[in-house]
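Step one of this worksheet: look at the structure below.
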Amino acid sequence: MARTRHRVWKYGDNVNTDVIFPGKYTYTIDRDPAELARHALEDLDPSFAGAVQAGDVIVAGRNWGNGSSREQAVHCLIAAGIHAVIASSFARIYYRNAINGGLLVITCPELAEAAADGAKIEIDMDEAQIHYAGAAYSFPPLPDQVREIVSAGGIIAFLQQNS
């Protein structure tokens, strides 16, 4: 697999699911991708939904996705075209929801510290490295089955393809 190139959206520590996808929409928007994407990060970054492009990545600090277990906090980012969330650390439930939904999640504290908003990075999943500003940042390689689930578009798609 070749390196993939992405633009960075940079956020800080403790970004919770209520600002990734506002709780007020939890029971009013039912998996309509365009509507989910319109509200992604609106309480944290009102410019995000109108400016994000397919293939962009989010780079964040510690404890990304803490708070409730709402799956919309994953699905709105997928619908917005986010390729991956790279963070210093993830809330456990968000991390698993991301894999189940088909969103690539990478733990890389060093890149989270170094990367700047709007920067260009390259992700090399085979080498488990992210390249930024002439440096290579290693991350724990994802198990093959996790990579397969994400590549399939989530756990349901993976199971359908492999049953």
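The values are calculated or read from the model by the stated rules, or taken from the named source; none is laboratory data. Fair warning: this is a prediction, and the values are worked out from it, not measured in the lab. Positions of Cβ are generated from backbone atoms using ideal geometry, with glycine treated the same way; all protein chains shown enter the neighbour counts. Quick note on the areas: whole protein, heavy atoms, side chains included, nothing else; ligands and nucleic acids left out. Shrake-Rupley method; radii C 1.70, N 1.55, O 1.52, S 1.80 Å.
Tabulated values for the structure
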| item | result |
| --- | --- |
| Label-point separation, residue 133 to residue 156 (7 Å along Cα→Cβ), nm | 4.1 nm |
| For the chain, built as a Gaussian network whose Cα springs stay under 10 Å, the top-fluctuating residue of 107, 26, 17 | 26 |
| Relative contact order %, the chain, counting alpha carbon pairs below 8 Å whose residues are six or more apart | 25 percent |
| Overall form of the chain per C-alpha gyration tensor (a/c, 1.5; a/b vs b/c) | oblate |
| Interchain or long-range residues, amide H under 5 Å from residue 153's placed H | none |
| Percent accessible area from carbon and sulfur atoms, the stretch 19-76, protein chains only, probe 1.4 Å | 49 percent |
| Accessible surface, per residue, of the chain when the full set of protein chains is kept, probe 1.4 Å, Å² | 49 Å² |
| Tensor-based shape of the stretch 1-41 (alpha-carbon gyration tensor, a/c under 1.5 rounded, otherwise prolate or oblate) | oblate |
| The stretch 8-67: C-alpha gyration tensor shape, a/c 1.5 cut-off, then a/b vs b/c | oblate |
